[in-house]
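Since the structure comes first, as structure tokens, the remarks are kept for the end.
The values are calculated or read from the model by the stated rules, or taken from the named source; none is laboratory data. Everything quoted here is computed from the prediction, not taken from an experiment. Neighbour counts are summed over all protein chains in view; Cβ atoms, including those assigned to glycine, are modelled from backbone coordinates with ideal geometry.
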């Protein structure tokens, strides 16, 4: 059993709704939609949610840059239209 992904540090990520988000957009819903689209081997825990912002702890990315590229590719499109990483 490999422990490579377990050895990777968790990264704190914040997502926030923009003016393009649907009316009534909930950060909990956006966070779950983001979590289910993460690459295989990545995990995330939902932390604090407030107003139109959610904080997650994401594990599995090789680097912060890798994480940013993946998240930025997922956010702002499809079910996550109107959400950005802050």
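Brief remarks on what is shown
- Residue within region 48-55 that is touching a strand residue (DSSP E or B) at 6+ places or on another chain (Cβ under 7 Å) and without any contact (Cβ under 8 Å) to a residue 24 or more places away in the chain present: yes
- Hey, residue 72 within 11 Å of the chain's Cα centre (by Cα) and either modelled with pLDDT of 95 or more or in a helix (DSSP H, G or I) (or both) or not: yes
- Subset of region 40-58 (residues that are more than 20 Å from residue 86 (Cβ to Cβ) and surrounded by 11 or more Cβ atoms within 10 Å (Cβ to Cβ)): 41, 43
- Checking residue 66 against (1) under 13 Å from the mean Cα position of the chain (by Cα); (2) in contact (Cβ under 8 Å) with a residue 24 or more places away in the chain, the condition it does not meet: (2)
- Failed condition for residue 43, given (1) on the phi > 0 side of the Ramachandran plot; (2) free of Cβ contacts under 8 Å to residues at least 40 places away in the same chain; (3) in contact with a strand residue (DSSP E or B) (Cβ under 9 Å, 6 or more places away or on another chain): (1)
- Within region 9-33, being assigned to a helix (DSSP H, G or I) and either surrounded by 14 or more Cβ atoms within 10 Å (Cβ to Cβ) or in contact with a helix residue (DSSP H, G or I) (Cβ under 9 Å, 6 or more places away or on another chain) (or both) holds for 27, 29, 30, 31, 32, 33.
- Positions within region 6-39 being touching a strand residue (DSSP E or B) at 6+ places or on another chain (Cβ under 7 Å) and farther than 18 Å from residue 82 by Cβ, in sequence order: 8, 10, 11, 12, 38
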